[in-house]
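The structure appears right after this line, and notes come after that.
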Amino acid sequence: MRQIEKTLGVSGRIAAFFQASQITPLLALLAFLLGLFAVIVTPREEEPQINVTMANVVIPFPGASVKDVEQMVAVPAEQVLGQIANVEHVFSVSRPGLAIITVQFEVGVPRTEALVRLYNTIHSNRDWLPSNLGTLEPLVKPKGIDDVPIVSLTLWSKQADKGAADLEAVAHTIEADLKRVKGTREVVTIGGPGRAINIELDPNKLKANQLTVGDLQASLQAANLGLPSGEMNTGNQAVAIEAGPFLRDAQSVGELVVAVRNNRPVFLQDVARIEDGALPASRYVWHGVTAKANEKTGAEYAAVTIAITKKPGQNAVQVADAVIERVNLLKGAAIPGDVEVSVSRNYGQTADDKAKKLIQKLLFATLSVVALVFLALGRREAAIVGTAVILTLTVTLFASWAWGFTLNRVSLFALIFSIGILVDDAIVVVENIHRHQALFPEKRLHEIIPGAVDEVGGPTILATLTVIAALLPMAFVSGLMGPYMSPIPINASMGMLLSLAIAFVVTPWLARLWMKEGHHAEGGLVQKITPWFESVFRPFLDENKGQKNRRKLGLGIFALIALSVLLPVIGWVQLKMLPFDNKSEFQVIVDMPAGTPVEKTAAVLRELGAYLQTVPEVSDYQAYAGTAAPINFNGLVRQYYLRSGGEVGDIQVNLVDKHHRSDKSHVIATRVRPQLQAIAKKIDAEANVKVVEVPPGPPVLSPIVAEIYGPGDVERRQVAKQVRAVFEKSEGIVDVDDSSIVHAPRKLLLVDRKKAAQLGIGQAQIVITLRTGLSGDAAAFLHDESKYPVSAHLQLPITEQGNLDTLLSLGVRNAQGGLVPIRELVTVTDTLREQPLFHKDGLAVNYVVADMAGKLDSPLYGMFKMRADIHKIVTPSGTGLQEYFISAPTDPYRQFSLKWDGEWQVTYETFRDMGAAYAVGLILIYLLVVAQFGSYLTPLIIMAPIPLTIIGVMPGHALLGAQYTATSMIGMIALAGIIVRNSILLVDFIHVQVAQGIAFKDAVVQSAITRAQPIALTGLAAMMGAFFILDDPIFNGLAISLIFGIFVSTLLTLVVIPLLYFVAYHRKYAVSA
C-alpha cells in the first residue's frame, strides 16, 4: 500500500488517507452540524443588506431667498463636504430659507466610519458659515438600509367618532411597548395631527386690550419658567425650594394673566379661544378597504401608521413576528377593542416565505441531481453523491454566515444555481471509481479508490479553480449592483472549494463504505455510444476529406455565433438591467402644483382611492396627504422621506397574494397608470401622478433621467422644459416630470425699514407676528407628563388665516407703547414662488425624469429612441444640446448639455464591470491551464468552447421571450468555467491515453467516448439546478443562460475540442510516432 501511495499525486494521497480514517465521519458530522447551526442563526431577509450610507445636512436660513441660500450656504457646504474621502456624490437643493445637502458615500463604506468623517468635517469647518449670517445650526440626518421599516402597522376604526387624533394617541401609547421588542430600532407614528392647546386669537379683542402677539408670546414663555431656587435648612433638615409652577393644562393657559388694564387683570382666555385638541390639519392618513376585505363595498377610514425598523444584523423574520405578537397581546388593553390593526407591511413574512420556498427548491434540486446519478450509475453511487452534496451545502451555508451574508433571495439563489457545479466534483470522482471497478475487476475496492481519485484529481482541481476564476471576479463589480449580487460569486466560489475538499476526503470514505466490491462489469453505456461517436468523428478525421469537413464545421459554428449575436441587434432579444419582479405592492406618488392646500391633495387621493377599490387585485391601501408613506429601499434612495407639504401625496397599494391573482404586479401597475393619471388631471390639469413599482434590483432616481447642465438658472430650466416635451410625446414614455415647480403666486410683504425705525419697531417683531398669524407659533410647551410635548399654539382662527386684511390688522408695539397695525409698515407685492435650485457634485443641474411602459419596457430603448428628437433641440445660446453618457460635462458654463443617468448608468457600470470581470476570469483560466499543461496553445483549445455558449444563450432567450439581463450575464460568466471544466477532462484524458501508448487519433475519439458520461452527468446536473430557478422573474435569465448554454456547448464540446486538439497536434504526434 505504501508503495502505491508513493506513485500517487496529492489527491490520491488524500483519498488513500481518509478512505479508512476514523476522523472522516467526524468531519462529515461536523460539516452537517455547522450547516444546521448556520440555518438557525443566520438572519433571514428578503434582499441583501447593502451597506449604502447617505446623510442629509439640513441648514435653515430663515427669510433668505433661494439664490442667497444657494450661494451663501449650499455652494460653500458642497465644497467643504466634497473633501470627505469615499464620497461618491454630493447633491444639494436650495429652497427659500432652507438648504439640504445630501452626501452619498460609496457603497460598502461602513455607516459609523462615514458619519464620523461627516461630523468631523462639518464641525472642523464650522467657520464656512459666519456666526452672524442668520443660519441655524446644521442638522445631520443619516440614512441607510436599516432606516427602511420592516413592519408597518395601520391603526384605524370603523367608529365615526374615532378620528386621527384618537388613533394617534393609541399609537403613541403602544410605541414604547413595541420599542421593547428585541431587535427593533426605531418606532415612528406617521399621520395624526398632534395634540396642542390651540389659542385662537381674536384680533378685535387684542386691539381693544392693547395687546400684541408678541405680548402673548412673552407672557406664555415667562409663565412657563421653573428653576430650583436653593435649599432652606430647618429642623436639622435641608428642604429643597423650587419656584414655579409650570403650565400644565388648558385651564392654566387660559387663566394666564397677560396684561392689567384699569387695575383689572386681562386673562389669555379674554382675548383668545382656548381649546385642548388637535393641531390644525397639515396631513391626513386613511386606510382604504376594498370589497374583498369582508366589506360589502369599499370604504375609507381615518388612520395612522406605525413604522418599525430593525437593528443592523437582526433577523427580520424574528423581529417582525415578535412585533406582531406584541401587538396581539396589546389588543383589548392598550389598543381599544374598536381600533383595528392592519399589517400593511411585513418584510419579515415575505423574507420567510421567500426563504422557505427557495430552501424547498434547494432540496428539490438536490434530489433531482441524486435521481440523475441513480439512473446513470446506481443507487449506491447516488447515495454517495447525495451525501456529498448535502454536506457541501451545509458547510457552504456556514461559510456564508461566517462571511457575513444573510439568508436572502440572492444568497439562496446562489446555492440553487451552485447545485449543478457543486455536485461536479463528487460525480467525477464517483464515476471514475465506478469506471475503474469495471476496468480492474481483480482489485479490491480500497486499492481502486486512491488510483481512481488520483486519475481525475489533477483535472478536477484545475477545473474547480477555473470555475472559481470565472466567478470570483464578479464579486468586485462596483456600485449598488456589486454587493447586491455578490453572494452569487462568493458563495459559489466557497462552495466549489468545499465541494473539492469533500470529494477528496468524504467521498472516498463513503465509496469504500457503500460501494459494492467488484459488482461492475465492462460495457454498458460506453459500448452503446462508441459506434455513434465513431460515426460522428469519421468524416472529420478522414485523411482525404477530413480537412474540408472540419472547415465546413468551423464555418457553420461561426455562422451560428454571428446569428446569435445579431438577435439583440434585430430586437428578438431585449436588453435590460433586471426584469420586473412579481411584488405584492406598488406606490402611487402624487405631486400637485406648489401651493396646493393639503385638503385639495387629499381630495385627489380619495378619487384615486375610489378607483383602486374597483381594481380586483387590490386588497387594501393607505393614503398619505401632506406627508410620506413608510419608505422602502427605493424610497430611501429617491429620498421620499423628505416629501412633505400640502402639495404631496402617496398611496401605498397592497395587492392580494400572487397565488390568488393571474396578473403580475408590473402588469397591474401598467394597467392602472392611465386611469389614475386621467382621474387626477380632471381635478387639476397640473397634477402629476406616477406609479412606482418596487425595483427588482438596486434603485435609482428614476428609470430614465436626463441631467441638464448649462449657464443661467432660467435658461437651463427652459432647456429642461424642451427635453420634457420630447419625453412626453415619445411613445411608451410615462411618468414624465422635471425638477422645477409649476408657477404659483407669492405675496411679498416688504417692511418699510425707515418708517419702522422711526416708530421704534424692529423688523423681527413684524416678521414674527406675521409668521404667527399665518402658520401659528408654539410659544410654550405644557408640563403634563406626556411623552410628546404639547404646545401652547398661538394662531388666528382657521376662517381668518386666508384673510390678508385680518393678518395686516394685527398690531405691533412702538417705542411709546402704542399699537401700530402691520398694514402701515409693509408694502404688499404680488410675484411668483421661487424655483428650487439643484446641484450635483458642485454643478448646477435640472432633472427630467421618466419611466418606460408597454411591450418594450426597457428604459434603455426608450432613451435611445428619444435621442433623435433631443438632437433637434435649440438651446437659448442658439446651439444644439451636447450629449454625455458616462460622465458629467467638462464645460457646463459655456454650453448646454444633457447627461443620461438612471437605469442607463447602472446598466453601463454593471455590464462594464461584469465584462471586465469576464475578461479577468478568462485571463486567470488561461494562466491556470498554462501552468497545468505547460503549453500556450493547449489553453486556447481548452477555452475555445466559451464562445459556443452564445449559440445556446441568445436563442434560448429569444425562444422563451425573455430579456437579456444582468443575471443572464452572470450565467454566461459561470458558463465559461463550467465549459472549460469539460474541455480539461477531455484534453487530460487524451494525454493519459497517449502516454499509455494509444494512437493519437484513437485517443482523440476515445476521450469523447469515455468522458461523455461524466461530462453529460455534470452538465445535466447544472441544468437541473438551473431549472428550479427558471420561474423566478429576476433570475430566470441566469437559468436560461445555464440551461441552453450548457446544453448546446456540451454537445459541441464533445466534438469540437477533440477535433481542435487533433488539428493542433496531429503533426507533432505523427512525427513522434
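Computed from the coordinates by the stated procedures, all read-outs in this text should not be read as laboratory data. In this text the structure is predicted, and so the values were computed from the model without any measurement. Note that we place each Cβ from the backbone using ideal geometry, even for glycine, and neighbour counts take in every protein chain shown.
A few comments on the model shown:
- The per residue volume of the convex hull around the alpha-carbon atoms of the range 53-143 is 76 Å³.
- Here the Karplus relation 6.51 cos²θ - 1.76 cosθ + 1.60, evaluated at θ = phi - 60°, turns the backbone of the range 738-743 into coupling constants of 9, 7, 7, 10, 5, 3 Hz, with x for every Gly and Pro.
- Dipole orientation for the chain: of the candidates A307, T366, Q932, Q932 has the Cα lying most toward the positive pole (charges on Cβ; Lys, Arg +1; Asp, Glu -1).
- Members of K182/K658; K600/K664; K141/K179; K162/K331 lying beyond 24 Å, as alpha-carbon distances in this model show: K182/K658; K600/K664
- Mean-position separation - Cα centroids, the range 949-999 and the range 163-202, in angstrom: 60 Å
- Assigned charges on the beta-carbon of Lys, Arg, Asp, Glu; the chain dipole about Cα centre (debye): 2420 debye
- Full extension of the chain between V1055 and S65 yields a length gain of 348.9 nm, computed as 0.36 nm times the residue separation minus the alpha carbon distance.
- The chain: C-alpha gyration tensor shape, a/c 1.5 cut-off, then a/b vs b/c: prolate
- About its Cα centre, the dipole of the range 53-143 is roughly 200 debye, where the only charges are +1 on Lys and Arg Cβ and -1 on Asp and Glu Cβ.
- Euclidean distance of C-alpha centroids, the range 404-440 and the range 805-831, integer Å: 84 Å
- Amide proton proximity set for V266, modelled H, under 5 Å, gap of 5+: V258, A259, V260, R261
- When the charge dipole of the range 173-214 is built from unit charges on Cβ atoms (+1 for Lys and Arg, -1 for Asp and Glu) and taken about the Cα centre, the candidate among P203, A176, G192 whose Cα reaches farthest toward its positive end is A176.
- Helical mean residue ellipticity (222 nm; -39500 (n - 2.57) per DSSP H run of 4+; nearest 500) of the chain: -16500 deg cm²/dmol
- For the range 746-780 and the range 1-67, distance of Cα centres in Å: 65 Å
- Extension gain from Q996 to S21, taking 0.36 nm per residue of separation minus the Cα-Cα distance: 347.8 nm
- Each Cα pair under 8 Å and six or more residues apart adds its sequence gap; the mean of these over the residue count of the chain is a relative contact order of 16 percent.
- Peptides 182-189, 376-383, 67-74, 883-890 ranked from most to least packed by the mean count of surrounding Cβ atoms within 10 Å: 67-74, 376-383, 182-189, 883-890.
- Note on S131 and I683: with the Förster distance fixed at 51 Å, the Cβ-Cβ geometry gives a FRET efficiency of about 0.60.
- Cross-link reach list, lysines versus K721, counting only Cα pairs under 23 Å and skipping chain neighbours closer than eight places: K67, K681, K682, K690, K729, K840, K865, K872, K899
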